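The values are calculated or read from the model by the stated rules, or taken from the named source; none is laboratory data. Small disclaimer: the values here were computed from a predicted structure and weren't measured. Cβ atoms come from the backbone with ideal geometry, glycine included; neighbour counts cover every protein chain shown. Note: accessible area is taken over every heavy atom of the protein model, side chains too, but ligands, DNA and RNA are not part of it. Shrake-Rupley method; radii C 1.70, N 1.55, O 1.52, S 1.80 Å.
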There are 2 protein chains.
Amino acid sequence: MTDATEGSAPRRTRIQQEKRELILEAALEVFSTNGFRGSTIDQIAEAAGMSKPNLLYYFRRKEDIHETLMERLLATWLAPLRELDDIGDPLTELRSYIRRKLEMARDFPRESRLFANEILQGAPRIMPLLAGELKTLVDEKANVIKGWMRAGKIARTDPWHLIFSIWATTQHYADFDVQVRAVLGPDRGGDGRFEDAARFLEQLFIDGLKPKG
Amino acid sequence: MTDATEGSAPRRTRIQQEKRELILEAALEVFSTNGFRGSTIDQIAEAAGMSKPNLLYYFRRKEDIHETLMERLLATWLAPLRELDDIGDPLTELRSYIRRKLEMARDFPRESRLFANEILQGAPRIMPLLAGELKTLVDEKANVIKGWMRAGKIARTDPWHLIFSIWATTQHYADFDVQVRAVLGPDRGGDGRFEDAARFLEQLFIDGLKPKG
DNA sequence: CAAATTTTTGACCGATTGGACAAACGTTAG
DNA sequence: CTAACGTTTGTCCAATCGGTCAAAAATTTG
């Protein structure tokens, strides 16, 4: 994907490519734990192992780093939803989607928190994207789900809120990780918590809480 | 609840009580939308309609405002979970809990976002509370839920993750409100979205997605 | 009333912030 | 070697930050 903010792809040397990656990696770490305003260029520069003016040689403004980060994030973030399609068994498809989202929460918690930070503060930088690209994608998948309901493959319910609930429950394990670990305690809060969560979510979304029989 | 940070309850004049409330109300608005570091004393002072030194006459440090806000928040925030008890039908109890939490997301979105901001950034100020008071409460309620499972009143599953999923799905409508409204669009994103969410969540938690029959 | 106390404010301070800039350094091409 | 170009850094700046302070204004008390 080309940089949306520049008309033509800027030519970059090998060093520029590498250093920009280094900065973005460091900035992801810093932004995701301190928020945009809570992070300083010095922090990012130090995490990237370079001086502040050197960092500003690769990204002219603090906002440019954040913007680049958000653009990359959104592409990978919505990939699981894009994969949800009509072929295959509906319940299996949804199960896979839930599993993929939970894996992303486990493997990319910093990206999840970066996104959560942005939304929490009113999404000032990505509002058009939410109402545009994201809404279009969700509407499209909601229609797929509606088709499954009409065909009697899954229970009739609100597809949009279904998608919200999948987002909420899976991202919770990234965004609220400290709380989850604190409540589960040292015994159950270890690495196994994601498998426990996967089992629980599968049961919740498929069967609910009503006892069988 | 008495102020945990001061040994004895400080005596306050009528003006002090009123102005402190005014400041806390303004600070809730500012902190919940900008985070702690993203908020300035000037912003809060302006929102409260007073000068910065005047504000600092009532709260000596920025952190004191945030601390007072968090203490109040936590008490009311956990009230719905405290109400969950053994008397009454289990499924009805859980339904009520979900409804109460969703109502809190609707009526106190700023408190929800303030809390989310704190957790997102690693809960630096309330970590002991999470591992202490909160964990104790959740463990206790998890045992209640376990009892229901043993009695065959609800399906067997992980009570802790059940509670997490209720938190996640309900608070999502406060914390990710902009995204929810953007995706639902002007038609369905209006005031009715909370009733739609309530209907959906009830169905999800009780019956899941598997088609009937 | 007057004295004592509480409340409010303008001016100010040191620290931190995002960012500019020119000079120094390193690398590559002719 | 040298000129050109890409990279790095020390220094600096204006704005903003949290917070202080003394004095003025308002209020309460006797």
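Could you size up the charge dipole of the protein assembly as shown around its Cα centre, putting +1 on the beta carbon of Lys and Arg and -1 on that of Asp and Glu, and report it in debye to the nearest 20?
160 debye
Per residue of A:35-43, what is the mean number of Cβ atoms on other protein chains within 10 angstrom of that residue's Cβ?
Values: counts 8, 4, 7, 7, 1, 1, 0, 0, 0.
Averaged over the peptide's residues, the number is 3.
Can you give me the distance in nm between label points at B:Met127 and A:Glu71, each placed 7 Å from the Cα along the Cα-to-Cβ direction?
The two pseudo-label positions are separated by 3.7 nm.
Quick one: net charge of B:Tyr57's neighbours, Cβ under 11 Å, K/R +1, D/E -1?
Values: positive: B:Lys19, B:Arg20, B:Lys52, B:Arg60; negative: none.
Net local charge, B:Tyr57 excluded: +4.
Would you mind checking the tilt of helix A:159-175 against the longest principal axis of the Cα atoms of chain A, expressed as 0 to 90 degrees and rounded to 10?
Tilt relative to chain A: about 50 degrees.
Quick one: putting +1 on the C-beta of Lys and Arg, -1 on the C-beta of Asp and Glu, what dipole do you get for chain A around its Cα centre, in Debye to the nearest 20?
Dipole about the Cα centre, nearest 20: 220 debye.
Within 10 Å of each Cβ of B:152-158, how many other protein chain Cβ atoms are there on average? Mind dumping the intermediate values first?
Working: counts 3, 3, 4, 8, 4, 9, 10.
Mean partner-chain Cβ count within 10 Å for B:152-158: 6.
If you take the accessible area of B alone, add that of A alone, and subtract the area of the pair, what total do you get in Å², probe 1.4 Å, to the nearest 100? Walk me through the intermediate numbers first.
On the way: alone 13010 and 13030 Å², together 20220 Å².
Heavy-atom accessible area buried at this interface is about 5800 Å².
Leaving out ligands and nucleic acids, and using a 1.4 Å probe, what accessible area per residue does chain A come to in Å²?
Using a 1.4 Å probe on heavy atoms only, each residue of chain A averages 47 Å².
If I take the rotation axis that carries chain A onto chain B, which residue of chain A has the nearest beta-carbon, and at how many angstrom?
Chain A residue with minimal Cβ-axis distance: A:Gly208, 2.
Could you check how much of the accessible area of segment A:78-207 is carbon and sulfur, as a whole percent, using a 1.4 Å probe?
The nonpolar share, carbon plus sulfur, comes to 51 percent.
As a test of the formula, what do you get for the protein assembly as shown when each DSSP H run with n ≥ 4 contributes -39,500 (n - 2.57) and the sum is divided by the residue count, at 222 nm and rounded to the nearest 500 deg cm²/dmol?
Rounded to the nearest 500, it is -22000 deg cm²/dmol.
Work out the mean other chain Cβ neighbour count within 10 Å for the residues of A:85-92 and drop it here as an integer.
Per residue, the number of nearby Cβ atoms from other chains is 1 on average.
Counting other Cβ atoms within 10 Å, which trypsin sites (Lys or Arg not before Pro) in segment A:102-151 have at most 15 and lie in a DSSP loop? All intermediate terms of the calculation are to be shown ahead of the outcome.
On the way: sites: A:Arg106, A:Arg110, A:Arg113, A:Arg125, A:Lys135, A:Lys141, A:Lys146, A:Arg150; in loops: A:Arg125.
Of the trypsin sites (Lys or Arg not before Pro), the ones in loops of segment A:102-151 whose Cβ has at most 15 other Cβ atoms within 10 Å are A:Arg125.
Tell me which of B:Gly190, B:Met104, B:Val180 sits at the most positive position along the dipole axis of segment B:78-207, charges placed on C-beta atoms (Lys, Arg +1; Asp, Glu -1).
B:Val180
Helix A:62-77: angle to the longest alpha-carbon principal axis of chain A, degrees 0 to 90, nearest 10?
Approximately 30 degrees, to the nearest 10.
Give the value in nm², to one decimal: projected area of the alpha carbon convex hull of segment A:78-207, averaged over all directions.
Mean shadow area of the hull around the Cα atoms is 8.4 nm².
How far, in nm to one decimal, is B:Tyr57 from itself in the other copies if the label point is set 7 angstrom along Cα toward Cβ? Shortest first, please.
Output for B:Tyr57: 5.3 nm, nearest copy listed first.
Please state, as a whole number in µm²/s, the translational diffusion coefficient that the Stokes-Einstein equation yields for the protein assembly as shown at 37 °C and 0.692 mPa s, with Rh defined as the Kirkwood radius across alpha carbon pairs.
It comes out at roughly 141 µm²/s.
Once the label point is placed 7 Å from Cα along Cβ, list for B:Thr13 the distances to the corresponding points in the other copies, in nm, shortest first.
When each copy's label point is compared with this one, the spacings are 6.8 nm.
Within the accessible area of segment B:14-69, what % is carbon and sulfur when the probe is 1.4 Å and the other protein chains stay in place?
47 percent
List for segment A:164-194: residues with 50 Å² or greater reduction in accessible area, all protein chains versus chain alone, probe 1.4 Å?
Buried by 50 Å² or more upon assembly, which counts only protein chains, are A:Phe164, A:Ala168, A:His172, A:Phe176, A:Val178, A:Gln179, A:Ala182, A:Val183, A:Arg188.
What gaps in nm, shortest first, separate A:Gly152 from its twins in the other copies when you place the label 7 Å past Cα toward the beta carbon?
Spacings between copies for this position, smallest first, are 3.0 nm.
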